Amino acid sequence: MDYKPQVGVQSHREMGSLDDRSMHDLDDEHLNSPEMDAQKTRSTDSNEHVSLSGSLTAGSRKIIRNGVYKSIKTVVFSNKLNLLMPFGPLAILVHKMTSHNGWVFFLSLLGIAPLAERLGYATEQLAFFTGPTVGGLLNATFGNATELIISIYALKSGMIRVVQLSLLGSILSNMLLVLGCAFFCGGLVYHRKEQVFSKATAVVNSGLLLMAVMGLLFPAVLHYTHTERHAGKSELALSRFSSCVMLLAYAAYLVFQLKSQRDLYMRIDEEGSLNGENSDDDEAPEISKCESVIWLSIMTAWISILSDYLVDTIEGASEAWDVPIAFISVILLPIIGNAAEHASAIMFAMKDKLDISLGVAIGSSTQISMFGIPFCVVIGWMMGREMDLNFQLFETATLFITVIVVAFFLQEGTSNYFKGLMLILCYLIVAASFFVHKDPTSTGQFFHLSLLVSLSWLSLL
């Protein structure tokens, strides 16, 4: 009776063990099947892809971070003048906490100085990727961006006289101070020879400057001779028409410069390379094209912010310092705004590249007179501001005499330190004149006499 159950139990155990072995065999076959091998391979590849993409992402982030650090180090920490950059935020802080317009104006002026210089640096870096002709045009354009930004903010605030005087001061500063310092420093470095530059380029720029003087002179003549057909309207209408003509002339000049004169610039470069003068032209861009555009945008935006504070406090600074607004607008603002042109022109002159120095200094003056001033008249027209080309007789006579003096110095196509010294001394005379000059509110006989003197000079030439 006991035997049968034991046999049943034993047979049941044997069947259970056989079933277990068969299940293990099936599992081993399933694990060793080609489908499982392919699945393992896919999972391994996917893990390797995830790890590889993660490492690439981390590596790219590190490259971007290092690139940003290198760009900031190159642009911000490579120039001692950038030590003045904190004065910009300090000016905003002083304006928020106090009402000292003199200090806000002074700090804003100091804060704009390194920004204007770095704006020129970023433009020079961008010029490596655009060629010499377009690069020179960009240099002149962004070199004058500070003055144009300040002028637009002043025009928006209704300070038309400040706009006129600051643009006039930019022309005078470029023609006398910047060009004079370039001639002087270049002449000291190469004191044993006379430096030469292209007479053709100088003649074209001189002609454009004389055309600008003509555009400013006739509205003043019309106003002070009381010969308007429609009192108060003919002068403004003539100014707007002349501004459109001047803009058209400047556009034609750009086409002429970019197309017709390209061969002239190429010949100058070839002659320089044959004479061994371009042996140091192994320069390479320090930042990329994309970085140059980004830094141009950042500097322009920051200058715009500080220009707003600068314009709002200029009258308060004039009262606090007891200095005429004409002197601040014609002398102080352009000196800070032209920091980029000043440094560039001197640097190129000391490398015996006077054609580039001339393009920076005289080219900037031409651009302000033939583009900047007419552009502000047209922008004022759109804003409803009645800005005209009547810069008053004292200012117009100063510009006319300056253009004549500079044209005489450029007619030979050579320069030396003595010519540079003469231009600097002429600028000191102009600065002293505007320091003692009071902006007129009505017509006087003295200004009428100045007009007659200017016209007599024009007839003699």
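The values are calculated or read from the model by the stated rules, or taken from the named source; none is laboratory data. This is a predicted model, so every value here is computed, not measured. Cβ sites come from the backbone with ideal geometry, for glycine too, and all protein chains shown count toward neighbours. Quick note on the areas: whole protein, heavy atoms, side chains included, nothing else; ligands and nucleic acids left out. Shrake-Rupley method; radii C 1.70, N 1.55, O 1.52, S 1.80 Å.
Between the beta carbons of Asn82 and His230, assuming R0 = 51 Å, the FRET efficiency works out to 0.45 to the nearest 0.05.
Coupling constants for region 348-357 follow from the phi torsions by the Karplus curve (6.51 cos²θ - 1.76 cosθ + 1.60, θ = phi - 60°), and in residue order they are 5, 5, 6, 9, 6, 10, 5, 4, 6, 4 Hz; glycine and proline get x. Summing charges over neighbours of Lys419, with a neighbour being any other residue whose Cβ is under 10 Å away from its Cβ, gives -2 when K and R count +1 and D and E count -1.
Note on Glu319 and Lys193: the model spin-label points, each 7 Å out from Cα along the C-beta direction, lie 5.8 nm apart. Using a probe of 1.4 angstrom and keeping all protein chains present, the accessible surface of region 112-263 works out to 40 square angstrom per residue. Each other residue within a Cβ distance under 12 Å of Val68 adds +1 if Lys or Arg and -1 if Asp or Glu, for a net charge of +4. Considering region 143-255 at the alpha-carbon level, its Rg and Dmax are found to be 18.0, 60 Å. For region 375-391, backbone phi angles converted through the Karplus equation (6.51, -1.76, 1.60; θ = phi - 60°) give residue-by-residue couplings of 4, 5, 4, 5, 5, x, 4, 5, 7, x, 9, 8, 7, 10, 9, 7, 8 Hz, Gly and Pro being listed as x.
Full extension of the segment from Met214 to Ala249, taken as 0.36 nm per residue of separation minus the current Cα-Cα distance, would add 11.3 nm. Taking label positions 7 Å along the Cα-Cβ direction at both Leu428 and Thr57, the computed distance is 6.6 nm, reported to one decimal. The local environment of Met387, defined by Cβ-Cβ distances under 10 Å, has a net charge of +1 under the rule Lys, Arg +1 and Asp, Glu -1.
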